[in-house]
Structures are given as C-alpha cells and as structure tokens.
1. Hey, got the dipole for the range 99-233? About the Cα centre, +1 on K and R Cβ, -1 on D and E Cβ, debye to the nearest 20?
2. In the range 1-83, what trypsin sites (Lys or Arg not before Pro) fall in a loop by DSSP, with at most 10 other Cβ atoms inside 10 Å?
3. What relative contact order, as a whole-number percentage, does the range 94-146 give when Cα pairs under 8 Å and 6 or more residues apart are counted?
4. Tell me the angle of helix 172-181 to the major Cα principal axis of the chain, expressed in degrees between 0 and 90 and rounded to the nearest ten.
5. Helix-only estimate, please: 222 nm mean residue ellipticity of the chain, summing -39500 (n - 2.57) across DSSP H runs of length 4 or more and dividing by its residues, to the nearest 500.
6. Can you flag which of K93/K124; K71/K271; K60/K96 are past 21 Å Cα-Cα?
7. Sorted from largest down, give the three principal axis spans of the alpha carbons of the range 37-175, whole angstrom values.
8. Taking only protein heavy atoms and a 1.4 Å probe, what accessible area per residue, in Å², does the chain have with all protein chains in place?
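The values are calculated or read from the model by the stated rules, or taken from the named source; none is laboratory data. Just so it is clear, the model here is predicted, and its values are computed rather than measured. In this analysis, Cβ positions are derived from the backbone assuming ideal geometry, glycine residues included, and neighbour counts consider all displayed protein chains. Surface areas here come from the heavy atoms of the whole protein model, side chains and all, with no ligands, DNA or RNA. Shrake-Rupley method; radii C 1.70, N 1.55, O 1.52, S 1.80 Å.
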Amino acid sequence: MMEQVRGIVVPSPTVFLEDGRVDEKLMRELTDWFVACGVHAFFVLGSYGQGPAMTPDERKKVAEIVVHQVKRRVPVVVHVGAVDPFTAIDLGKHAKSIGADAVGHVGPYYYADRSEYEIIEHFKMVDRALGMPILVYNNPRYSGYNIHPAFMARLVEAVPNIFGAKLAMGSVDEAMAYMKIVRAPFASFALASNLVSAMSVGVAGTISPPLAVTPEIGVELIRAIDLGKVEEALALQKSVIRIHDIFLRLAGPFGRTIYCEAMRLRGFDVKMYPRWPSKPLNREAYDALKDLFVELKIISTVAKAKSA
C-alpha cells in the first residue's frame, strides 16, 4: 500500500438526490471523471464522502458504486470508521468482499472519553477480523481526541496492518513528527497546501477535499514534484494554496455548501450536498469562487457567463 496509495488520493464526495438518496448516476460520472483526471487513488466515505451521515447499508451501496466504477484502474480505500468495532468490521468485510484495496478508519468517535487502551483494542478487533491494509484517519475535531505521534507509534505496533495515516490538518512539521517516531514503513498524508515541502521529506501525498473539486491541478503538482520540475511545482503549489484558502474562508460562514457550488461550477448537476440543510453562498462568495476558477482556467469564461 505504501507504493500504491500516494500522491493525490481523492476523497470522493457522496452526492445525493433531493430526497436524500444517493445519486448513483452522478456518483459514477464523478468517479470516471476523477480517474480521467489522473488521480492516484480514492478515499471513499470519509468526512467529505459523508460516510458517518449514512446508514451502514447506504455506506455499502456507495462503496460498491465507486469500487465497481473504478474497475481496479487505481487503488480504492473505503472508510469504515464507526462508533463501535462491530459496525466497522461489518463495513470492512463488505469492502474487502467487493474488492477494496484497503480500509480507512477514523478513531472511534462520539465517546471521546475512551482510554488509549480502548481505542487500540477497537483497532485490534477490526484488524483481526479483516486482515487487510488500514489507513488511520486522525481527525481530532471529529473523533474528539488526537492520536498524537507517540500514541500512533503504539497503535501501529499493536495493529500491524496499519500502513499510514491521514492527518486532518497535518503540517510538514507534524507529519515529520509522526514519521520520526512511528515504525517504518509509515505513509503520512498531509495538507495539500504544503505538498512541495512535505513530499521532499517523505510525506506520501494528500487527501484533500478542495482538490476533489480541482483534481487536475493536484495531479499536475504531483507530476511536477516527481519529475523534479521545481519552478513548475512551486507555481502549481501557489494555485493549490489559493484553492485551499478560498475553501477554508468560505466554509466558515457557509459550511459544505462551498463544495456543492464548486462541483456545480465544474459542470456537475449536484442536487444535494451535504446531506443536511446548509447556508447558500451569497453573491460575493459565489463570484469569488467562480472568478478563481476562471483565473485558474478550470472553467471557461463561457461557463462563467452561463452561471451568472
């Protein structure tokens, strides 16, 4: 998995119809688009993929849609994180049965007062039941606690199939702290806004929601980094920083609506995202997003005029 899951691991969004059902047709369209853009792997049903906002059966359906549509063209990691180990095991067994290459797992959430012992035992149960590669999703904001480097080192020792971790807000320094203390090999995935410096010190790549709307820019950035084209990589990195900045700024007042409108600007007929009411963008915010996309040449001025 260290060699296969790297670069732009796209956190595939789950999009819905107006009644809250999964929009299977658009999911397949998005999946093919990501592959055509050259993404290196998929991370399905995480935060951007709305996994925790769906029932286990709905999560299984989305996993099937993406895995079957990808058709083994690139690796697929299916997030199975849950409050309890039994649900995670059930989701993981299903993911394994349909051909997923690995599972992702946020630290078991809601009961944030769990001890380190309980969290490690949770992962051990999942590992024993599945026997497949596991990517830990360390998101303190959602799980309620931080799997810090020393904790991660103990977790990896106890759960041999863990091959890496997505660090939700991982800086270069944070990623290096994990790589220094956690038993190698260990793949860390950090923020896309510092990929040039991060990958130069061994970070495996990024799992970035903003780059799920602008995947071709992320793919080009990884290509430039891999080829040692420093000036091109730095120019692309500046574009990624601008993309991250506008998503972070607008997510505060408007929530996940920013991703819905961004996907629509890219030409996808998204009926509902996220799976709950979210504040519409005002004209100023919408124009700022649209103008950035036009400037970066990922939508045309024609598209700009049509969407106004």
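1. Working: 10 positive and 14 negative charges, 53 e Å.
Dipole about the Cα centre, nearest 20: 260 debye.
2. Numbers: sites: R6, R21, K25, R28, R59, K60, K61, K71, R72, R73; in loops: R6, R21, K71, R72, R73.
Sites meeting the loop and neighbour criteria: R72.
3. Details: 50 pairs, mean separation 27.4, N = 53.
Here the relative contact order equals 52 percent.
4. With rounding to tens, the tilt is 20 degrees.
5. Numbers: 14 runs with 160 residues, N = 308.
When only DSSP H runs of four or more count, the value is -16000 deg cm²/dmol.
6. Values: K93/K124 15 Å; K71/K271 26 Å; K60/K96 11 Å.
Distance filter (> 21 Å) returns K71/K271.
7. Between the extreme Cα coordinates on each principal axis of the range 37-175 lie 38, 34, 27 Å.
8. Numbers: 13000 Å² over 308 residues.
Solvent-accessible surface per residue comes out at 42 Å².
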